Amino acid sequence: MIGGEAVEFLRTVKEGDRIVVRYRLPDGSATDALGWFLRSDESAVAIATRRGMEIVDLSTVIAAKQVPPPPEPRSRRTA
């Protein structure tokens, strides 16, 4: 989902859903926040990522979508 549709999606996501959000940084470049949805309000969304909690201002959102759970860790090969 892109633009306004992405923001509307973020307002309806359930706590614990895994999502990815692409958003604009102050320098004009874009980055992604991938993780578990925590909460949102009228102006921002909180996502638990591997780097910690990220707060994304909804006015900077470019795109967002739900993603599947991460893959299971690979088993170690023994020689």
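Rounded to the nearest 500 deg cm²/dmol, what is the calculated helix-only ellipticity per residue at 222 nm for the chain, with -39500 (n - 2.57) per DSSP H run of length n ≥ 4?
Value at 222 nm, helices only, nearest 500: -3000 deg cm²/dmol.
Once R0 is set to 35 Å, what does the formula 1/(1 + (r/R0)^6) return for the Cβ-Cβ distance between ASP17 and ARG77, expressed as a FRET efficiency to the nearest 0.05?
Efficiency, rounded to the nearest 0.05: 0.55.
What's the FRET efficiency of LYS65 with GLU42 using the Cβ-Cβ distance as r and R₀ = 30 Å, to the nearest 0.05?
It comes to 0.90.
Do you know the relative contact order of the chain, to the nearest whole percent, from alpha carbon pairs under 8 angstrom that are 6+ apart?
Contact order relative to length: 34 percent.
Do any trypsin sites (Lys or Arg not before Pro) in segment 1-64 lie in a DSSP loop with no more than 13 other beta carbon atoms within 10 Å, and if so, which?
Within segment 1-64, the qualifying trypsin sites (Lys or Arg not before Pro) (loop, at most 13 other Cβ atoms within 10 Å) are LYS14, ARG50, ARG51.
Test of understanding: express the Cα radius of gyration of the chain as a ratio to 2.2 N^0.38 Å, with N the residue count.
The reported ratio for this selection is 1.24.
Any read-out appearing in this document is the output of simple, stated calculations on the displayed coordinates, not a laboratory observation. Bear in mind the structure is a predicted one, so any value in this text is a computation, not a measurement. All Cβ positions, even for glycine, are placed from backbone atoms using ideal geometry, and neighbour counts span all protein chains on display.
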